[in-house]
Amino acid sequence: MENKLFLSYSHKDGRVAKALQTAMEGLGISSFDPQMIAPGADLKESIRTAIHDAPAMVVVASPASITSSAWQAYEMGVASALDKPVFVVATGRLSDYPAANLADTQLIPLNPSDIHGAAVQISKALGSDAD
């Protein structure tokens, strides 16, 4: 099975997450979206397994979601425990993010008009030559 990046996002940031997912796919980067988990499956175990199998995690975050989304906090905690690289694609002003929530992550500021640019930064961080 192909290793996919784990894509974490709050429903508040769903539109941006889907656009980023499409941009990454255009660069040959596939991702696992927790929305793909089958109904009735053990959600925590499915998430833990997907993060374990992923080479890295991409978190689409707004200042509100990074402090209020329990699932996003859980997913980031699992990634940290598994020592996975975490790329936080920030949709707001960087000064609006609590520093403690972003410890041990690589922050990628997102210009909403250049989602492709964020995908390219992720690709380069993973060692690809995508443009």
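Of all the numbered requirements in (1) touching a helix residue (DSSP H, G or I) at 6+ places or on another chain (Cβ under 7 Å); (2) at pLDDT below 75, Val86 misses one, and that requirement is (2).
Anything in segment 1-17 that is among the polar types (S, T, N, Q) and either closer than 21 Å to Pro109 by Cα or in a helix (DSSP H, G or I) (or both)? List them, or say none. Those that are among the polar types (S, T, N, Q) and either closer than 21 Å to Pro109 by Cα or in a helix (DSSP H, G or I) (or both): Ser8, Ser10.
If you check Ser68, Ser128 for being within 16 Å of Ser8 (Cβ to Cβ), over 14 Å from the mean Cα position of the chain (by Cα) and modelled with pLDDT of 70 or more, only one passes: Ser68.
How many residues, within segment 2-53, are touching a residue at least 12 places away in the same chain (Cβ under 8 Å) and at positive phi? So the answer is 1.
Look through Lys18, Lys44 and report the one residue that is of a type in the set (Lys, Arg), within 17 Å of Leu5 (Cβ to Cβ) and out of contact with any Leu (no Cβ under 6 Å at 6 or more places or on another chain).
Values: Lys44 fails: within 17 Å of Leu5 (Cβ to Cβ).
Residue meeting the stated conditions: Lys18.
Do the conditions hold for Pro63, that is, is it under 11 Å from the mean Cα position of the chain (by Cα) and at pLDDT below 90?
When the stated conditions are applied, Pro63 does not pass them.
Out of curiosity, is Val78 modelled with pLDDT of 85 or more, β-branched (Val, Ile, Thr) and under 17 Å from Ile122 (Cβ atoms)? It is false that Val78 is modelled with pLDDT of 85 or more, β-branched (Val, Ile, Thr) and under 17 Å from Ile122 (Cβ atoms).
The values are calculated or read from the model by the stated rules, or taken from the named source; none is laboratory data. Note that the structure is predicted; figures quoted are calculated from it, not measured. Note: ideal-geometry Cβ built from the backbone for every residue, glycine included; neighbour counts use all protein chains shown.
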